[in-house]
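Data first, discussion second: the structure below is written as structure tokens.
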Ligand SMILES: Cc1cc2nc3c(=O)[nH]c(=O)nc-3n(C[C@H](O)[C@H](O)[C@H](O)COP(=O)(O)OP(=O)(O)OC[C@H]3O[C@@H](n4cnc5c(N)ncnc54)[C@H](O)[C@@H]3O)c2cc1C
């Protein structure tokens, strides 16, 4: 095999496969490198829920047959005391429960059918950087331990949360190589066959409870009437509780799990911050979790990683036609992604920072008095501004409880979300304006972390 391509894509997950398919369909030579064996690609610990709109936006066929394990019509969000339930339905919340493995294998097949070449069982351990450009990767074949160099005009890091290329880039690439641990959520989930029938198998359930899941949440996502994907995530604060123990203590003790059997159990990490401020450098592009392209509130990253992959594939094709894959020529990846999804992510990141600092009683009161209404939660999750519903009676009640500071913080959060979105509307169209913009966004988030 000649180890030289137009583009080397590291990681054959949802983001990498979509990138490779887009590039190969445009006639470029592209390889996909993954440490997993071909037959294991697609195996990933996940909540397995994907919004229908992602398939529509990407022109991707809906999951069907064994790839689909359920339909989603909406979501129920429970307050910590379980007294209030927000039932949210509508555009943006309908979707599918997928068989993650079969879905991953489908995406891989589509990339290979388009002409991408697969290096499976191949562990990438470092980028090759020459003359200020990323020129490919160094990798070890896990079957025979041989080390190879796979070169390309552009290298795409789609290696998920491990971000193997990004984490080893030199500072002159002007890409953040590390992210704060507090901006990640550590999860454990099980797929369980139940002994009982679920009442509403088309509703995903989310339980907010900062004692059970500090900085995260618990989820029960049905896969038909008698199977669930049940999990729990906690913010990676260093002294966080073990998500598996918390799941067993707080959720799996419920009667519905009596006599249930575990089909699969496992853990994983999700980055839950705004996207990295720049997803490109000379000869390099980040896609999916490696670029933090995940919804900061619910942790959904399958759709955005595919969106990121499609944008990356299209821009790389244009950049190579234009000549050099310089940071400047790859910059439209940033502009397009920030407009399509990054601005919404950044707004939701402020909301996430706010939510992570609340106590259970604040969440209980906030939900009971509908300080944000159910329908506005849906709109906010679609990227619209956060509209508050603080009535006079709610204000009196919070005053009586000595919790006016909570309301002030709520207003502050909504204002900050607006400011962040405005700033994303001014996202620089060329790299030369980046330092000024970057200073502003970093300052705004530092202030949010200080004051919310
Ligand atoms: C517990 C959990 C629940 C989640 N639930 C949902 C959900 O319900 N819905 C949703 O949309 N999202 C969910 N997510 C997030 C979602 O799974 C990710 O955002 C998405 O899979 C990101 O895709 P990706 O292509 O960036 O990375 P991945 O899908 O992780 O793919 C990365 C690929 O890179 C390969 N790789 C890694 N390192 C190397 C290396 N050094 N060399 C070679 N190959 C390498 C891996 O083998 C893998 O195939 C969840 C995540 C977790 C952890």
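Nothing in this text is a laboratory measurement; each read-out follows from the coordinates by a stated rule. Just so we're clear, the structure is a prediction, and the values are computed from it rather than from any experiment. Counting neighbours? That spans all protein chains shown, and the Cβs are built from the backbone with ideal geometry, glycine included.
Relative contact order of region 181-271: 44 percent, from C-alpha pairs under 8 Å at least 6 residues apart in sequence. FRET efficiency for the residue 94 to residue 125 pair, using the beta carbon distance and R₀ = 56 Å, is estimated at 0.85.
Would you calculate a helix-derived [θ] at 222 nm for the chain, using -39,500 (n - 2.57) for each DSSP H run of n ≥ 4 and dividing by the full residue count, to the nearest 500? Walk me through the numbers before you get to the answer.
Values: 13 runs with 153 residues, N = 452.
For the chain, the value works out to -10500 deg cm²/dmol.
Centroid-to-centroid, using Cα positions, region 368-430 and region 167-206 are 25 Å apart. Treating region 113-233 as a set of equal point scatterers at the Cα positions, no solvent, please give the Debye-formula log₁₀ I(q)/I(0) at q = 0.18, 0.23 Å⁻¹. So the normalised log intensities work out to -0.95, -1.22. What the Cβ-Cβ distance of residue 264 and residue 226 gives, at R0 = 22 Å and to the nearest 0.05, is a FRET efficiency of 0.90.
Name all residues of region 113-127 having a backbone nitrogen under 15 Å from the label point set 7 Å from the Cα of residue 29 along its Cα→Cβ direction, giving them as ranges. Output list for this probe position: 115-119. Kirkwood Rh and Cα-based Rg: tell me the resulting Rg over Rh for region 181-271, rounded to two decimals. Radius of gyration relative to Kirkwood radius: 0.98. Global dimensions of the chain from alpha-carbon coordinates: Rg and Dmax equal 22.1, 73 Å. Length available on full extension from residue 66 to residue 177: 0.36 nm per residue minus the Cα-Cα distance, which gives 36.1 nm. The modelled label-to-label distance between residue 447 and residue 197, using points 7 Å beyond Cα along the C-beta direction, is 5.6 nm. Multiplying the residue separation of residue 53 and residue 415 by 0.36 nm and subtracting their alpha-carbon distance yields 127.5 nm. The fraction of all Cα pairs in region 1-85 landing in successive 10 Å bins from 0 to the largest distance is 13, 32, 30, 16, 7, 2, 0, given as whole percents. In the chain, the DSSP beta bridges split such that about 70 percent are antiparallel, to the nearest 5. From the alpha carbon centroid of region 325-356 to that of region 1-61 is 21 Å.
Report Rg(Cα)/(2.2 N^0.38 Å) for region 346-451, keeping two decimals. Could the numbers behind the result be given before it?
Details: Rg = 15.6 Å, N = 106, 2.2 N^0.38 = 12.9 Å.
For region 346-451, the normalised Cα radius of gyration comes out at 1.20.
Estimated at 0.36 nm per residue, the fully extended path between residue 440 and residue 43 surpasses their Cα-Cα distance by 139.0 nm. As a length-normalised measure over Cα pairs under 8 Å and 6 or more apart, the relative contact order of region 346-451 settles at 33 percent. Considering all C-alpha pairs of region 188-240, those separated by over 18 Å amount to 37%.
Take the Cα of residue 162, go 7 Å toward its beta carbon, and the backbone nitrogen atoms of region 14-43 under 17 Å from that spot belong to 14-17, 32-43. For the chain, the relative contact order is 17 percent, taking Cα pairs closer than 8 Å that sit 6 or more residues apart in sequence and dividing their mean separation by the residue count. In region 243-382 the Cα-Cα distances spread across 5 Å bins starting at 0 as 2, 9, 14, 15, 13, 13, 12, 9, 6, 4, 2, 1, 0 percent of all pairs.
A Cα-only calculation for region 124-173 places Rg and Dmax at 11.1, 35 Å.
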